[in-house]
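A quick write-up on the structure given underneath.
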Amino acid sequence: MRTFKRHAALWQFLIVLALALILRLIVIGTRSIQYDDAFSIFLSERSLAEIVRGTAADTMPPLYYFLLHFWLQVGRSLTWLRLLSVLLSLGSVTMLFLLVRRLFGHPAGIWAALLAAISPLQLYHAQDLRMYALLALSQLSYYYFFIRIWRPDERGTRWTDWLGLVLCGAAAMYSHNLAVFGLVIPNLVLLFRREWKPLLRLLVAQAAMGLLALPWLWLVPGQVAKIQRAFWTPRPGLIEVMQAILLFVIHLPLPGVWMMIGGVIAAQAYVLTLLETWRARREGWGLALLIGVMLGLPILLFITSYLIRPVFVTRGFLVASLAFYALAGRAVAKGWRRGIGPFLLGLFVIGSVISLPAYYSFESFPRSPFQAAVTALQAQIQPGDVILHDNKLSYFPSHYYAPNLPQVFMADEPGSSNDTYALASQEAMQLFPQPDVTTAIATAPRIHLIVFTQAIRDYQSMGISTHPLLAELNACCSLVAHQTFGDLEIYTFDR
């Protein structure tokens, strides 16, 4: 009988994992990439030494780029590249199941894993060519080993638990500079509960993590300084907080009336989970850690955003959503007989069902239809032509899809909020911007300008009727064609 139950439990988890995999594989090879994806690809193609130089000039540690570098040795297709993030995301689903099962039992672990499996937010980062899936997995694994050490089972604490804690903490620090905010949450929980001996031991382990991360940590102050002068993300307000809450349950944006329906569903799921957690506040010590991760981590980032910007970005506390699913999974399992469990589960399922069509079909900035645009240009390009991008945001994805086309892009305005492409990164990737239009177009007989529709509207909102690049090209050339691909516009000029 016991063997049968073990097999049934294993099959339940495997079914959830299979569902997570299927949802993460949909449109994996056709969904458009964005600038950050292409940046990851181009930097990871370089040598390990160049990756280190490029990341040192950027704002992110190199671990994900190292992994993608070796992943690229096998293949370059978009499906293959995204499969790395898919596997990391499946690792988070697995680790969430193990963590919640240890805290609240097998049913709660299954429900929590299911909520993570169908989460639009988790799906997004499972198909993202960035380090956030790696960050979430390393942080969640860190919490898992912390729990094993903080409240050991009958076999006691083993040295492998301490090793896992240190390695996962170091991996998180090499994944993202915001990882440190998540790593100190257990410290705050122990401090709040006045558990001094575990706190002291944790501090010793964190000192070991710091030593492992020391080669990177000395670069962080310079990166923080860069963030202060060269990033556009605003300090968060009520709207950003509300968006973060909604993203834990639904995808944003949703079209039309679905936005209102999704907002109501997300609010209900959030409030009901918090109420059920409050009801159980005296039941278990594990709730303290999960609440700290779910609420404490975003609050820390919110407060810090008014000292250092920009740090309040939902992807920076992706692990907080996993803590939310852990608490919700516990609420579903414990409240099943009272009817609360099925109702709460239904909210998450409905939120996912109405979100996924919008998520899979999204084709707007930053995931504009770059491939369709450059495919059309490939049929039109003539010898000597040049394709001019008004910024790096359209150039990088277009260059990935059509590396053989003669494409160039304009440099960011020096000192502006978009001046984020450091010279060391340019040198590492050997992709350099053009300083002015004259240099960019040289003696090309035809110029194909690619610009975002929103960029044109932004200038118009400032009282500038014509995009500056369009004005310069109109002054020296004749407009002969205009094409639109979603929110991308292509203007073709003859000399």
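Remarks
- Pairs linking a residue in region 165-189 that is without any contact (Cβ under 8 Å) to a residue 12 or more places away in the chain and closer than 20 Å to ARG148 by Cα to a residue that is assigned to a loop (DSSP other than H, G, I, E, B) and of a type in the set (Phe, Trp, Tyr), with Cβ atoms under 6 Å and 6 or more positions apart or on different chains, do not occur.
- Out of ILE299, ILE250, sole residue that is out of contact with any Asp or Glu (no Cβ under 8 Å at 6 or more places or on another chain) and surrounded by fewer than 24 Cβ atoms within 10 Å (Cβ to Cβ): ILE299
- Under the condition of being touching a Pro at 6+ places or on another chain (Cβ under 7 Å) and of a type outside the set (Gly, Ala, Ser), the residues counted in region 282-309 number 2.
- Restricting the search to helices (runs of 4 or more DSSP H) fully inside region 1-60 and requiring at least 1 residues that are under 20 Å from the mean Cα position of the chain (by Cα) and outside the structural domain of LEU88 (by TED's automatic domain parsing) gives 35-44, 48-57.
- Count of residues meeting criterion [among the aromatic types (Phe, Trp, Tyr) and either part of a helix (DSSP H, G or I) or modelled with pLDDT of 95 or more (or both)] in region 412-439: 1
- Against the test of being touching a Lys or Arg at 6+ places or on another chain (Cβ under 8 Å) and assigned to a helix (DSSP H, G or I), the options ALA320, ALA328, ALA288 yield a single qualifying residue, ALA288.
- Filter result (surrounded by 15 or more Cβ atoms within 10 Å (Cβ to Cβ), hydrophobic (A, V, I, L, M, F, W, C) and under 21 Å from LEU393 (Cα atoms)) within region 463-480: LEU469, LEU470, LEU473
- One residue from PHE396, PHE409 being under 21 Å from ILE33 (Cβ atoms) and assigned to a helix (DSSP H, G or I): PHE396
- Residue in region 128-141 that is part of a loop (DSSP other than H, G, I, E, B), at pLDDT 95 or above, within 16 Å of the chain's Cα centre (by Cα) and of a type in the set (Ser, Thr, Tyr) present: no
- Qualifying residue in region 83-96 (condition: farther than 20 Å from ILE28 by Cβ and in a helix (DSSP H, G or I)): yes
- Qualifying position, being more than 22 Å from PHE365 (Cα to Cα) and either surrounded by fewer than 19 Cβ atoms within 10 Å (Cβ to Cβ) or without any contact (Cβ under 8 Å) to a residue 12 or more places away in the chain (or both), among GLN460, GLN430, GLN483: GLN430
- Matching residues, region 440-495, being charged (D, E, K, R) and either modelled with pLDDT under 95 or not in a strand (DSSP E or B) (or both): ARG457, ASP458, GLU472, ASP487, ARG495
- Looking only at region 434-457, and only at residues there that are surrounded by fewer than 17 Cβ atoms within 10 Å (Cβ to Cβ), in contact (Cβ under 8 Å) with a residue 40 or more places away in the chain and not hydroxyl-bearing (Ser, Thr, Tyr), the one that is nearest to PHE409 (Cα to Cα): ALA442
- Single residue of region 361-381 satisfying the filter (within 18 Å of the chain's Cα centre (by Cα) and among the small types (Gly, Ala, Ser)) that is surrounded by the fewest Cβ atoms within 10 Å (Cβ to Cβ): SER364
- Selected residue (only one of LEU318, LEU322, LEU345 is in contact (Cβ under 8 Å) with a residue 40 or more places away in the chain, out of contact with any Leu (no Cβ under 7 Å at 6 or more places or on another chain) and within 28 Å of GLY182 (Cβ to Cβ)): LEU345
- In region 90-108, residue surrounded by the fewest Cβ atoms within 10 Å (Cβ to Cβ) [restricted to those that are over 18 Å from VAL249 (Cα atoms) and of a type outside the set (A, V, I, L, M, F, W, C)]: GLY105
The values are calculated or read from the model by the stated rules, or taken from the named source; none is laboratory data. Quick caveat, the model's predicted, so the values are computed rather than measured. Using ideal geometry, Cβ is built from the backbone for each residue, glycine included, and neighbour counts are taken over all protein chains shown.
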